[in-house]
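Questions regarding the structure given below will be posed in turn.
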Amino acid sequence: MKLTFAKGASLKDPARLFNSSLDGNVRRAIDIHEGETVKESAFKALVREAVALNGSGKSKPSKKAKS
C-alpha cells in the first residue's frame, strides 16, 4: 500500500516513516508491504501534522527574496 502525502516535503519525519518520494520535491509517500508494521504513535503524529498543514492552507514557508 502506498500512502501519499501531498505536502509531505513540508512535514517533519523524525521517525523516518517516509520511504518513498515523488517528483517535484513536494510529495512524499510511505510504502507499506504485506506483513510490515509501522510504528503506530509515529504514524498518528505524522497524519495529525499533515491534517494541520492542509487545514492551514499553507505549504512550505516561502523564502524571502533578497533585496
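Residue 35 passes all but one of (1) under 15 Å from residue 3 (Cα atoms); (2) modelled with pLDDT of 95 or more; which number fails?
(1)
Residue-wise test of (1) within 12 Å of the chain's Cα centre (by Cα); (2) modelled with pLDDT of 90 or more.
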position: 6; (1), (2): yes, no
position: 12; (1), (2): yes, yes
position: 48; (1), (2): yes, yes
position: 62; (1), (2): no, no
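Let me ask something else. Give all pairs with beta carbons closer than 7 Å in which a residue from segment 41-60 that is farther than 12 Å from residue 6 by Cα meets a residue that is of a type outside the set (Ser, Thr, Tyr) and modelled with pLDDT of 90 or more; count only pairs at least 6 apart in sequence or on separate chains.
42/15; 42/17; 43/17; 46/11; 46/13; 46/17; 49/11; 49/12
The values are calculated or read from the model by the stated rules, or taken from the named source; none is laboratory data. Small disclaimer: the values here were computed from a predicted structure and weren't measured. Note that we place each Cβ from the backbone using ideal geometry, even for glycine, and neighbour counts take in every protein chain shown.
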